[in-house]
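Peer 1: Would you mind keeping the following structure in view while I ask a few things?
Taken together, the values in this text are just the output of simple stated rules run on the coordinates, not laboratory data. Note that the structure is predicted; figures quoted are calculated from it, not measured. Quick reminder, even Gly has a Cβ in these numbers, built from the backbone with ideal geometry, and neighbours come from all protein chains shown.
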C-alpha cells in the first residue's frame, strides 16, 4: 500500500505490517503500540495457537512418553498437556521448529527437520492470509482503532506472491532495516544464543552441503546443532536483505533501526512514518 503523507494522516484506521529480521525491534514496537489502541497481531502467536498447535503438542507428548513416570500418567489420563503460548512467550513454536543435527545434542534428522520446516511454511502462509480477517475482528469485536501486523522474520522467504499481495493490499508495509552496526549486533546475539530458524529448502540444501564439506562431516547426525545455527545465521541474514528490500521497494517503505531507536511513543512513530512516506514516495 502506497500513501501520501496527507492520506496517511487522514487514515482513520491505520493498518501497518512490520517486516524485518528477528531482533530489529518489530515486537518491541508492537508492544508499545498495543498500549495506544493498536491491535497487535503476532504472526508467530497465530502460527503456534492456530496452525501448529496440534503438532507442537504431539511433539511435547512424544518427549514426555520417553519418561516412564510421565508415560504411565498420560496413558491413564491422570495428567494432560496443554500449550501455554502467549504473545510474550513463543518458546513452544521455536522448540517445535528445532535444530538440525546430532540427536544426542537435541538435534533432528534431515527428514524430520524438513518436515517441520514445511509445516511452519504452510502455517506462516495461512497466518498472513488471515490478516484481513483480523483487521476486521480488531475493530468490530475488540474495538481497536488501529492494527499492527508483527510479521515473522521468514515472511520474505515464503516465495508466495499471494501472501505479499494480501499484506500490501490491506496494510502499509514497513521494512525495519538494520544498520551495519546493528547487523553485527544481531549476528553476535545469534551466535551467543543460537535459536531455531526457518530456511527455504533450496537455501538449506545449498548451505548444508557447504557446511558438511567445510566441517568434513559424512552424516547429518554428526552436526553440532548449535554450531550449524551459528554458521548459518549470517548467511541467512544477508540472503534475506535483498528479499526484504524488494518487497519494500514495490509495496512499502524502509525505516532504519537507527531511526527506530529514537521512537519513544506513538507520536514519534507516526512522525517517522510520515518522513519515510515523504522521502520515499
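Peer 1: Which one of 81, 56 is surrounded by fewer than 17 Cβ atoms within 10 Å (Cβ to Cβ) and either in contact with a strand residue (DSSP E or B) (Cβ under 9 Å, 6 or more places away or on another chain) or over 19 Å from residue 15 (Cβ atoms) (or both)? Walk me through how you get there before you give the answer.
Peer 2: Working: 56 fails: surrounded by fewer than 17 Cβ atoms within 10 Å (Cβ to Cβ).
From the options 81, 56, the qualifying one is 81.
Peer 1: I've got another one for you. For region 84-101: of the residues being over 18 Å from residue 200 (Cβ atoms) and in contact with a helix residue (DSSP H, G or I) (Cβ under 6 Å, 6 or more places away or on another chain), which is surrounded by the most Cβ atoms within 10 Å (Cβ to Cβ)?
Peer 2: Taking the candidates together, the pick is 101.
Peer 1: For region 211-281, which fully contained helices (runs of 4 or more DSSP H) count at least 2 residues that are surrounded by 17 or more Cβ atoms within 10 Å (Cβ to Cβ) and more than 19 Å from the chain's Cα centre (by Cα)?
Peer 2: 225-251, 266-280
Peer 1: Looking at this structure, is residue 181 part of a helix (DSSP H, G or I) and either closer than 17 Å to residue 245 by Cβ or over 15 Å from the mean Cα position of the chain (by Cα) (or both)? Walk me through how you get there before you give the answer.
Peer 2: Working: part of a helix (DSSP H, G or I): yes; either closer than 17 Å to residue 245 by Cβ or over 15 Å from the mean Cα position of the chain (by Cα) (or both): yes.
It is true that residue 181 is part of a helix (DSSP H, G or I) and either closer than 17 Å to residue 245 by Cβ or over 15 Å from the mean Cα position of the chain (by Cα) (or both).
Peer 1: Considering only region 162-210, how many residues are crowded, with 17+ Cβ neighbours inside 10 Å, touching a residue at least 40 places away in the same chain (Cβ under 8 Å) and over 30 Å from residue 277 (Cβ atoms)?
Peer 2: Result for region 162-210: 10.
Peer 1: For region 3-119, which helices (runs of 4 or more DSSP H) that fit wholly inside it have 2 or more residues that are under 21 Å from residue 167 (Cα atoms) and within 18 Å of the chain's Cα centre (by Cα)? Show your work before the answer.
Peer 2: On the way: elements: 5-10, 26-34, 43-46, 53-64, 68-75, 91-97.
Here the list reads 26-34, 43-46.
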